[in-house]
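The block underneath contains the structure these notes are about, expressed in structure tokens.
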Amino acid sequence: MMTIPFEPIVFDIKLNIHLILEYLAFFVGFRYYVFLRKRSTDVISSNNRLSIIIGAVFGALFLSRVIAFFENPVAHLQEDWLYNLNNKTIIGGLFGGLLGVELAKKIIGEKHSSGDLFTLPIILGIIIGRIGCFLSGIKEFTYGKETSFFTGMDLGDGITRHPIALYEVVFLIILFIIIRSLQKSNRTFKNGDLFKLFMVAYFTLRFCIEFIKPNSFYTLCLSSIQLLCLICLVYYHKFILRGITYVRKKLHLL
């Protein structure tokens with residue numbers, strides 16, 4: 001199968017397209033969050049929301065870099081501290097943000113679930129960021145293994161690979177539409193369920209998709225990201241079991 005080589009997009013001013021879209025993802029995601037909050041009845045006060053956001057930011061900053069380092073620690077030890085400081089993974093950021101939020105809520109005594117309002121802005125931000133990853137080609141470690149599958153692309157190194165970033169974009173667009181539809185439906189959800197649905201769905205995708213990346217595999221032949229995905233799914237095991245029970249009841253009625 002003939003493929004057209006893909007050249008990573010880099011500007012002369014040394015700012016690559018991924019970095020630009022990463023900043024755009026943060027900006028658009030935050031503006032979308034502000035828009036949604038103005039149109040909703042938020043039971044959490046502005047001060048507590050700010051504390052929650054701060055907790056999420058610090059948690060995400062820390063764990064995103066720790067998990068990224070353990071993706072390939074031998075290679076990362078050969079890099080300087082600035083490279084490792086800038087090296088990060090969204091999976092670590094999401095779970096670190098979750099832990100940071102829970103810690104912040106515990107400190108300020110907030111009992112209400114805070115995730116639903118962040119769900120769609122987070123998905124939108126990841127979509128924009130993943131487009132940047134795709135346009136960066138093999139400059140970002142979001143490419144897949146060599147493949148002869150029809151979706152394979154030459155991402156810049158002459159090898160036909162799985163365009164993993166595009167797989168994620170398609171999945172997240174579908175997930176965005178589903179969650180948006182559920183929000184508009186007349187169904188009653190527990191506060192926080194939509195965020196849990198996003199986390200379970202996305203972490204399940206990432207667990208599966210890591211098998212087609214040229215990863216370093218550790219315990220149980222799993223990568224550091226896959227191990228974190230399993231931890232997240234265990235964290236949400238009650239929600240998963242509740243979902244399975246709900247589906248079984250629906251199937252029984254049919």
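The values are calculated or read from the model by the stated rules, or taken from the named source; none is laboratory data. All values derive from a computational prediction rather than experimental measurement. Using ideal geometry, Cβ is built from the backbone for each residue, glycine included, and neighbour counts are taken over all protein chains shown. We work out accessible area using only protein heavy atoms, side chains counted, and drop any ligands, DNA or RNA first. Shrake-Rupley method; radii C 1.70, N 1.55, O 1.52, S 1.80 Å.
Confirm whether Asp116 is farther than 16 Å from Ile17 by Cβ, of a type in the set (Asp, Glu) and in contact with a Phe, Trp or Tyr (Cβ under 6 Å, 6 or more places away or on another chain). So Asp116 fits the description; yes. If you check Ser114, Ser148, Ser136 for being within 18 Å of Val200 (Cβ to Cβ) and of a type in the set (Gly, Ala, Ser), only one passes: Ser114. Here Asp157 clears all of (1) of a type in the set (Asp, Glu); (2) assigned to a loop (DSSP other than H, G, I, E, B); (3) under 30 Å from Tyr246 (Cβ atoms) except the condition numbered (3). Taking helices (runs of 4 or more DSSP H) as the structural unit, those lying wholly within region 1-119 and holding at least 3 residues that are under 27 Å from Glu168 (Cα atoms), of a type in the set (Gly, Ala, Ser) and modelled with pLDDT of 80 or more correspond to 46-71, 90-108.
Among the residues of region 187-246, the ones that are loosely packed, with under 15 Cβ neighbours inside 10 Å, aromatic (Phe, Trp, Tyr) and either within 23 Å of Gly144 (Cβ to Cβ) or in contact with a Lys or Arg (Cβ under 7 Å, 6 or more places away or on another chain) (or both) come to 3 in all. Please enumerate the residues belonging to region 147-161 that are touching a Pro at 6+ places or on another chain (Cβ under 9 Å) and open to solvent by 40 Å² or more (accessible area, probe 1.4 Å). Of everything in region 147-161, those that are touching a Pro at 6+ places or on another chain (Cβ under 9 Å) and open to solvent by 40 Å² or more (accessible area, probe 1.4 Å) turn out to be Met153, Asp157, Gly158. Number of residues in region 90-136 that are open to solvent by less than 20 Å² (accessible area, probe 1.4 Å) and free of Cβ contacts under 8 Å to residues at least 40 places away in the same chain equals 2.
Conditions tested, residue by residue: (1) of a type in the set (Phe, Trp, Tyr); (2) modelled with pLDDT of 90 or more; (3) at negative phi.
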residue	(1), (2), (3)
Gly137	no, no, no
Thr160	no, yes, yes
Pro163	no, yes, yes
Glu168	no, yes, yes
Leu172	no, yes, yes
Leu175	no, yes, yes
Ser181	no, yes, yes
Asn186	no, no, yes
